[in-house]
Amino acid sequence: MKIFLIGLLNDGTPFRPGVQQNPRTPIRLTIGTNFEIYLSVIRPNKQPVDLTGASLGFTIKKSPTDSTPVIHKLAVVSPNTQRSGLAIFAGIPTDFRSVLPGVYVYDITLLQGSGQRDVVMPLSPCFIEATAATSLTAL
């Protein structure tokens, strides 16, 4: 399963037409499957964020107030795409080991080489669905 998202580094530059001021995007994941999340990080002026030396974290939590995520992934940033602001998060079936179907929240944070941490995807809904196999084991 491939998911494409646009994250926003709100650095105070003016918004260009077509750039969403609220990047929140619901996603759906299925227990027991692989997933890839392709994230393009842009500024309000639509320029890509240079991800050289940066790291990005994707977390899924049961509720917005939880401090411990049920799933946490770090992005892979390729030297070929780091200047274009593209990062990829990859998940495997065992990531869902302790996750039940339901509604969760996720966010994505950017940690720049300077140590500055920014939320580029604010808390958004994450619907985790069962597969036929997980539904049968619940019977």
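Read the figures in this text as sums done on the coordinates, not as results from a lab. Predicted, not measured: the structure shown is a model, and the values here were computed from it. Cβ sites come from the backbone with ideal geometry, for glycine too, and all protein chains shown count toward neighbours.
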In terms of the charge dipole of the stretch 21-64, which places +1 on Lys and Arg and -1 on Asp and Glu at the beta carbon, the residue among Ser63, Leu39, Gly53 farthest towards the positive end is Ser63
For the chain, give the magnitude of the charge dipole about the Cα centre (Cβ charges: +1 Lys/Arg, -1 Asp/Glu; no others), in debye to the nearest 20.
-> 160 debye
Using only Cα atoms, locate the centre of the stretch 67-105 and the centre of the stretch 1-64, then give the distance between them in Å, rounded to an integer.
-> 11 Å
Taking springs between alpha-carbon atoms closer than 10 angstrom, which of Gln116, Gln82, Gln47 fluctuates most in the Gaussian network model of the chain?
-> Gln116
As straight-line cross-link partners of Lys73, the qualifying lysines (C-alpha separation under 25 Å, not fewer than 8 residues apart within one chain) are Lys2, Lys61, Lys62
Taking every DSSP bridge whose two residues both lie in the stretch 2-137, the antiparallel percent to the nearest 5 is 70 percent
